[in-house]
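Below is one structure; the comments refer to it alone.
A short reminder: the numbers here are calculations on the coordinates, not readings from a lab. Note that the coordinates shown come from a computational prediction; the quantities given were computed from them, not determined experimentally. Cβ placement follows ideal geometry from the backbone for every residue including glycine, while neighbour counts extend to all protein chains displayed.
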């Protein structure tokens, strides 16, 4: 299946779906040290739901972190 | 100065300040401290594993907010629909552990003017979900009234488009909003360029000012932050003191009784 994380394409040949937790490991260097929040296809996914929410073919994941703002 | 009321929280400073555009994180921190502000705005962006600067900025913001016993005010910058804003708000709440939200829904890319329809829609959903919404909006009286009626206790009309520094484009509109919404906490947001702009809004009876570029883009942001702090204090004191009525004709300040001799024959 093919998914996007923050606009970057990832191809996973063997899976039909993976959890948000697993998807995050594709993208992060040190996820445990980062402050971030997640949206799947434009809908918020809370941390408590990372293991049970599934990412499927064609899905788009946004991983956001704090920045300065006005 | 009297306390600023944000959804029941009493704050000593009436200045809310942004964390963007400073020459360095350290200058940002020192400028925020110099401003006396206890509310710092910030945002979210896509995570890039190769880029660690975001985490560094976040640490600086946390440090300064802790030091002033202040509050974070996440924004929804970049959102163009109510749905986007609601999603970003929920992500912000999880990260920043606050239900305060500067709600921005932009309707036009040229002047970053808020979309009033999407803004109302988003505000309604977010209030139902427990957020304390501080909507950034245009200086439209009816829009401000509708936001207040929805439950936005704080309303933040613009002075002029974000980052322009043009000051108060339409003082009449802003004065009318103050007059018609006497119980709302009104914070002028965006477009402030000079301390005198902020002072003018405070003289109108505005409760506070939210700014970023005017301090961050100054030659000396730390000194400018202090200047804004003084301007807000001056403007608030002038409003409380009561500004004199303008008069159409001149009135001598010096008593005219017993005018000196050189006017006797004129």
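Residue order for B:152, B:79, fewest other beta carbons within 10 angstrom first, comes to B:79, B:152.
Each listed q (0.21 Å⁻¹) maps to a log10 I(q)/I(0) for region B:1-118, found by the Debye formula over equal Cα scatterers with no solvent: -1.28.
Using R₀ = 35 Å, calculate the FRET efficiency as 1/(1 + (r/R₀)^6) where r is the Cβ-Cβ separation of residue A:57 and residue B:83; round to 0.05. Display every interim value, and only then the final one.
Working: r = 23 Å, r/R0 = 0.65.
Using R0 = 35 Å, I get an efficiency of 0.95.
Taking only the Cα atoms of the protein assembly as shown, the ratio Rg/Rh comes out at 1.10, with Rh defined as the Kirkwood radius.
Counts of other chain beta carbons within 10 angstrom of each beta carbon in peptide B:89-98 average 4. Averaging Cα coordinates gives a centre for region B:246-262 and one for region A:1-54; these two points are 78 Å apart. Entry note: region A:2-64 has Rg to Rh equal to 0.92, where both radii use alpha-carbon atoms and Rh is the Kirkwood radius. By the count of neighbouring beta-carbon atoms within 10 Å, fewest first, B:105, A:20 end up ordered A:20, B:105. A simple spin-label model places pseudo-atoms 7 Å from Cα toward Cβ; at residue B:128 and residue B:230 they are separated by 5.0 nm.
Once you average over the residues of A:53-65, how many Cβ atoms of partner chains fall within 10 Å of each Cβ? Please report the intermediate quantities before stating the final value.
On the way: counts 0, 0, 0, 0, 0, 0, 0, 0, 0, 7, 6, 11, 12.
Average neighbour count from other chains, rounded to a whole number: 3.
Annotation for region B:158-193 versus region B:8-30: alpha-carbon center distance of 19 Å. Counting, for every residue in A:42-48, the Cβ atoms of other protein chains within 10 Å of its Cβ and taking the mean gives 4. For residue A:47 and residue B:179, FRET efficiency with R0 = 56 Å and r from the beta-carbon atoms, rounded to 0.05? My answer for the efficiency is 0.75. Take every Cα pair under 8 Å whose residues are at least 6 apart in sequence, average their separation, divide by the length of region B:93-188, and the relative contact order is 24 percent. Computed over chain B, the quotient of the alpha carbon radius of gyration and 2.2 N^0.38 Å is 1.14. Can you list the residues of region B:144-167 with backbone N under 20 Å from a point 7 Å past the Cα of residue B:219, pointing along Cα to Cβ? Inside the label zone: B:165-166.
Taking Cα pairs under 8 Å and at least six residues apart, what relative contact order does chain B come out at, in percent? Don't skip to the end; give the middle numbers.
Details: 487 pairs, mean separation 48.4, N = 266.
Relative contact order of chain B: 18 percent.
In plain terms, the residue of B:100, B:262 with the fewest other Cβ atoms within 10 Å comes first and the most crowded comes last, giving B:262, B:100.
Rounded to the nearest 0.05, the FRET efficiency derived from the C-beta distance between residue B:97 and residue A:4 at R0 = 35 Å is 0.75.
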